[in-house]
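The values are calculated or read from the model by the stated rules, or taken from the named source; none is laboratory data. Source: prediction; values computed, not measured. When the accessible area is computed, the model is the full protein with side chains, heavy atoms only, and any ligands, DNA or RNA have been set aside. Shrake-Rupley method; radii C 1.70, N 1.55, O 1.52, S 1.80 Å.
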Amino acid sequence: PMRFMSIWLMPIMMFFICNSLSSGLSYYYLLSNLLTMLQTFIIKKWVVKPEKLLAQIPKELPVLFIYGGQDPCGDYGESVRAVYQQYVNLGIKDVTEHEYHEDRHELLNELDKEEVMADVFDWISNRM
């Protein structure tokens, strides 16, 4: 929810922040962001069909979801768990998820990065 709001509010905020700069720069920034939002809306609404894309995922493809439980970008794990469940519901045979409860966004730069790397290595090794 917060990410969604920032996508729409950022161009307006930047308009006011950059308004003290040259007017051309401020106007350019506002227009380019509004055009990008329009382009994204059109593509999501009429071009890309998520159901078709998800149906193309091979059912035998092994998938590993790793995420930090304290990561606000993934709604503290809720978004990742929802995608995990979506993959399971699609019938993908080997879907694994692992939450690192105390970690945030960059799992390979956290204090327990060795544990994360070892878990990923073990996951890959078990599938080779």
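Data overview
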| quantity | calculated |
| --- | --- |
| Probe 1.4 Å, all protein chains present, accessible-area order of ASP112, ASP122, ASP71, largest first | ASP122, ASP112, ASP71 |
| Kirkwood hydrodynamic radius of the range 70-128, from inverse mean 1/r over distinct Cα pairs, in Å | 12.7 Å |
| Per residue, in Å², the accessible surface of the range 8-128 once ligands and nucleic acids are set aside, probe 1.4 Å | 73 Å² |
| Heavy-atom accessible surface of the chain: percent carbon and sulfur, 1.4 Å | 65 percent |
| GLU78 accessible area, assembled protein chains, probe 1.4 Å, Å² | 110 Å² |
| TYR67, TYR87, TYR76, ranked by accessible area, largest first (probe 1.4 Å) | TYR76, TYR87, TYR67 |
| Accessible area, probe 1.4 Å, largest first, for residues LYS45, LYS59, LYS52, LYS93 | LYS93, LYS52, LYS45, LYS59 |
| Heavy atoms of HIS105: accessible area, 1.4 Å probe, square angstrom to 10 | 110 Å² |
| Residue-level accessible surface for ARG104, protein heavy atoms, 1.4 Å, Å² | 130 Å² |
| For the chain: rounded, prolate or oblate by the Cα gyration tensor [a/c cutoff 1.5] | oblate |
